[in-house]
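Student: One structure is given below, represented as structure tokens, and several questions about it will come after.
The values are calculated or read from the model by the stated rules, or taken from the named source; none is laboratory data. Owing to the predicted nature of the structure, the values given are computational and were not obtained by experimental measurement. Don't worry about glycine lacking a Cβ; one is built from the backbone with ideal geometry, like all the others, and counts go over all protein chains shown. Only protein heavy atoms, including side chains, enter the accessible area calculation; ligands, DNA and RNA are left aside. Shrake-Rupley method; radii C 1.70, N 1.55, O 1.52, S 1.80 Å.
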Amino acid sequence: MTWDIERIKAEVTADAASAGSLDALEAVRLKYLGKKGLVPEMYAGLGSASAEEKRAIGKGANDIKVLTETLVVERKAVLALSVKRVDAFDVSIPGVCRGVGTKHLIDQTIDEICDVFECMGFVIQRGPEIESEFYNFSALNIPLDHPSRDSFDTFYLDAKDPDAIGRHLLLRSHTSPGQVRVMQKHNPPMAVIIPGKVYRPDAVDASHSFMFHQIEGLLVNKNVTFADLKGLLTAFCKKYFGYDVKMRFRPHFFPFTEPSAEVDIQSNIFKGRAGKWLEILGCGMVHPKVFEAAGYQGQEHSGFAFGMGVERIAMLKHGIGDIRTFVENDVRFLKQF
Ligand code: DAH
């Protein structure tokens with residue numbers, strides 16, 4: 001029997017090229033290489049062939065075998081690619097929903113509070129989280145080795161203060177140092193709001209954390225009085241906590257303000273706390289020593305300052321019982337806000 005090797009090669013090539021699926025391709029492979037395929041049939045007929053025919057048919061069968069194997073592998077790759085492509089554009093397959101994130105509740109609270117003050121003409125400023133003892137304490141009339149420093153327990157860094165011999169840098173324990181930095185840069189009149197992170201080495205529990213956020217306010221002008229401070233904070237509390245909020249200014253001590261007060265409020269929005277006075281901020285008239293440290297000369301300026309804890313306000317407003325939930329990154333908590 002004689003075989004037209006070139007014609008068979010052309011057939012294999014055409015068959016492989018027209019195989020439209022993996023099953024069809026397997027059928028092509030079997031047609032040539034399967035037990036009952038063409039190549040085994042060629043070998044089977046070798047017994048009765050002459051030596052010259054044997055050589056020609058053997059070589060031809062081997063060529064067809066190699067060609068079939070090569071074409072099957074190549075066609076498989078093409079089919080696999082096109083299968084993937086079909087998948088990618090199959091609009092009937094349901095998509096995977098990744099979910100949309102939201103702003104963290106602490107950032108939302110900072111934005112909301114700052115918005116209220118911005119509407120009243122305040123400008124947002126920021127100060128560094130790594131501070132010197134000068135800005136965190138001395139400039140705020142908290143002298144070195146004075147007991148009032150104890151209430152601002154502080155993380156000291158293993159880094160020397162380049163501006164003060166023998167002193168170390170620290171993580172700011174409140175946002176008040178921002179007051180001095182702003183006054184050093186700008187002349188009055190000014191009204192600024194300074195949000196940011198603060199750090200204290202407190203043992204962590206439901207209401208304490210070693211890192212939390214504060215918002216500081218400072219207004220300096222001529223003839224600013226405590227009545228202005230009361231008016232501004234009353235306007236803020238009504239806008240932020242509701243117009244029926246009740247407020248009281250309770251005398252207090254802060255080294256950087258004189259006189260000083262703490263503000264307590266009662267608000268209907270605090271779930272389960274109806275009728276309770278809740279402290280929300282500290283405030284007072286800027287102490288002359290602070291003006292002096294900031295480089296303001298003379299007596300012509302007066303001003304007030306205030307500071308509030310963001311976590312505390314968010315916890316009161318949303319009925320959150322544990323400050324740790326803010327940093328645990330539990331999506332079930334975060335996605336509620
Ligand atoms: N810095 C104070 C604290 O961390 C809060 C504070 C109180 C800020 C009175 C002020 C202020 O600006 O006038 O406890």
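Student: Out of 266, 297, which single residue is open to solvent by 60 Å² or more (accessible area, probe 1.4 Å) and touching a Phe, Trp or Tyr at 6+ places or on another chain (Cβ under 9 Å)?
Tutor: One residue alone meets the criteria, 297.
Student: So which residues in the stretch 317-327 are surrounded by fewer than 21 Cβ atoms within 10 Å (Cβ to Cβ) and assigned to a helix (DSSP H, G or I), if there are any at all?
Tutor: 317, 318, 323, 324, 325
Student: When the stretch 131-172 is examined, which residues are found to be in a strand (DSSP E or B) and closer than 23 Å to residue 216 by Cα? Working first, answer last.
Tutor: We begin by selecting, within the stretch 131-172, every residue in a strand (DSSP E or B); these are 131, 155-160, 168-171.
If the condition is that a residue be in a strand (DSSP E or B) and closer than 23 Å to residue 216 by Cα, then 131, 155, 156, 169, 170, 171 are the ones that fit.
Student: Exactly one of these conditions fails for residue 234: (1) outside any helix (DSSP H, G or I); (2) surrounded by fewer than 17 Cβ atoms within 10 Å (Cβ to Cβ). Give me its number.
Tutor: (1)
Student: Sticking with this structure for a sec: Is at least one residue of the stretch 10-33 in the same structural domain as residue 73 (by TED's automatic domain parsing), within 15 Å of residue 56 (Cα to Cα) and open to solvent by less than 60 Å² (accessible area, probe 1.4 Å)?
Tutor: Step one: list which residues in the stretch 10-33 are in the same structural domain as residue 73 (by TED's automatic domain parsing), which gives 10-33.
So of that shortlist, the ones also within 15 Å of residue 56 (Cα to Cα) come out as none.
No, there is no match, as no residue in the stretch 10-33 is in the same structural domain as residue 73 (by TED's automatic domain parsing), within 15 Å of residue 56 (Cα to Cα) and open to solvent by less than 60 Å² (accessible area, probe 1.4 Å).
Student: Continuing with the same structure: Looking at the stretch 145-204 only, could you name the residues that are closer than 12 Å to residue 135 by Cα, among the hydrophobic types (A, V, I, L, M, F, W, C) and under 26 Å from the mean Cα position of the chain (by Cα)?
Tutor: 170, 171
Student: Looking at residue 141, is it on the phi > 0 side of the Ramachandran plot, out of contact with any Leu (no Cβ under 8 Å at 6 or more places or on another chain) and not hydrophobic (A, V, I, L, M, F, W, C)?
Tutor: Yes: the conditions hold for residue 141.
Student: On to the next question. Restricting the first residue to the stretch 319-335 and requiring it to be without any contact (Cβ under 8 Å) to a residue 24 or more places away in the chain, which pairs with a second residue that is part of a helix (DSSP H, G or I) and aromatic (Phe, Trp, Tyr) meet a Cβ separation below 6 Å and a spacing of at least six or different chains?
Tutor: From the stretch 319-335, the pairs are 325/333.
Student: Do you know which of the residues in the stretch 200-218 that are assigned to a strand (DSSP E or B) and open to solvent by 40 Å² or more (accessible area, probe 1.4 Å) is nearest to residue 302 (Cα to Cα)?
Tutor: 208
Student: Across the stretch 224-271, what is the number of residues that are β-branched (Val, Ile, Thr), in contact (Cβ under 8 Å) with a residue 60 or more places away in the chain and closer than 25 Å to residue 136 by Cβ?
Tutor: Selection size over the stretch 224-271: 1.
Student: Next up: Hey, can you tell me all the residues within the stretch 281-307 that are within 16 Å of the ligand (Cβ to nearest atom) and free of Cβ contacts under 8 Å to residues at least 40 places away in the same chain?
Tutor: Matches in the stretch 281-307: 282, 288.
Student: Select, from 87, 63, the only residue that is at pLDDT below 85 and either open to solvent by 100 Å² or more (accessible area, probe 1.4 Å) or over 30 Å from residue 323 (Cβ atoms) (or both).
Tutor: Only one candidate qualifies: 87.
Student: Take residue 72 and tell me if it is over 30 Å from residue 310 (Cα atoms), surrounded by 14 or more Cβ atoms within 10 Å (Cβ to Cβ) and either outside the structural domain of residue 322 (by TED's automatic domain parsing) or touching a residue at least 40 places away in the same chain (Cβ under 8 Å) (or both).
Tutor: yes
Student: Separate question: Listed residues 313, 280; which is in a strand (DSSP E or B) and within 16 Å of residue 106 (Cα to Cα)?
Tutor: Values: 313 fails: in a strand (DSSP E or B).
So the residue among 313, 280 that is in a strand (DSSP E or B) and within 16 Å of residue 106 (Cα to Cα) is 280.
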